[in-house]
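S.K.: I am attaching a structure below and will ask some questions about it afterwards.
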Amino acid sequence: MNELPVGDRPINLTQVLKRVGWVDNGGQAKALIAEGLVRVNGEVEFRKRRQMSVGDSVQLDIDEPPPPVHLV
């Protein structure tokens with residue numbers, strides 16, 4: 001599992017996907033989320049602006065997914 005330091009600033013799910021390099025832009029992030037391919041803490045997440053916090057984990061539900069990311 002990879003770690004993504006987020007500090008004390010708010011960050012949303014689309015920003016997380018961009019910062020870990022799973023997508024190149026917000027449009028790609030929104031498409032993955034809308035298709036139900038993103039899981040937050042093990043649950044499918046459809047909210048593009050979901051506020052993430054330290055302790056959350058994110059994973060892609062695709063063939064050959066990258067390792068999950070844990071926000072620290």
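The values are calculated or read from the model by the stated rules, or taken from the named source; none is laboratory data. This one's a predicted model, so the numbers in the text were calculated from it and none came from an experiment. Cβ sites come from the backbone with ideal geometry, for glycine too, and all protein chains shown count toward neighbours. We work out accessible area using only protein heavy atoms, side chains counted, and drop any ligands, DNA or RNA first. Shrake-Rupley method; radii C 1.70, N 1.55, O 1.52, S 1.80 Å.
S.K.: Search segment 20-32 for residues being more than 9 Å from the chain's Cα centre (by Cα) and not in a loop (DSSP other than H, G, I, E, B), and hand back the single one that is nearest to residue 63 (Cα to Cα).
M.R.: So, considering only residues that are more than 9 Å from the chain's Cα centre (by Cα) and not in a loop (DSSP other than H, G, I, E, B), the one nearest to residue 63 (Cα to Cα) is 32.
S.K.: Would you confirm whether or not segment 39-57 contains a residue that is aliphatic (A, V, I, L, M), assigned to a loop (DSSP other than H, G, I, E, B) and open to solvent by less than 70 Å² (accessible area, probe 1.4 Å)?
M.R.: Checking segment 39-57: not a single residue is aliphatic (A, V, I, L, M), assigned to a loop (DSSP other than H, G, I, E, B) and open to solvent by less than 70 Å² (accessible area, probe 1.4 Å).
S.K.: Within the set of pairs 6+ apart or on separate chains, which have a first residue in segment 50-72 that is of a type in the set (Ser, Thr, Tyr), a second that is open to solvent by less than 70 Å² (accessible area, probe 1.4 Å), and C-beta atoms under 6 Å apart?
M.R.: Listed by first residue and then by second, the contacts come to 57/68; 57/70.
S.K.: Report yes if residue 6 is modelled with pLDDT under 95, among the aliphatic types (A, V, I, L, M) and crowded, with 16+ Cβ neighbours inside 10 Å, otherwise no.
M.R.: Yes.
S.K.: Do we have any residue at all in segment 47-54 that's in contact with a Lys or Arg (Cβ under 8 Å, 6 or more places away or on another chain) and at pLDDT 95 or above?
M.R.: no
S.K.: If you go through segment 12-32 one residue at a time, do you hit one that is within 15 Å of residue 53 (Cβ to Cβ), surrounded by fewer than 12 Cβ atoms within 10 Å (Cβ to Cβ) and touching a residue at least 24 places away in the same chain (Cβ under 8 Å)?
M.R.: Checking segment 12-32: not a single residue is within 15 Å of residue 53 (Cβ to Cβ), surrounded by fewer than 12 Cβ atoms within 10 Å (Cβ to Cβ) and touching a residue at least 24 places away in the same chain (Cβ under 8 Å).
S.K.: Sticking with this one: Return the residues of segment 58-71 that are in a loop (DSSP other than H, G, I, E, B) and either open to solvent by less than 60 Å² (accessible area, probe 1.4 Å) or among the hydrophobic types (A, V, I, L, M, F, W, C) (or both); say none if nothing qualifies.
M.R.: Matches in segment 58-71: 62, 66, 68.
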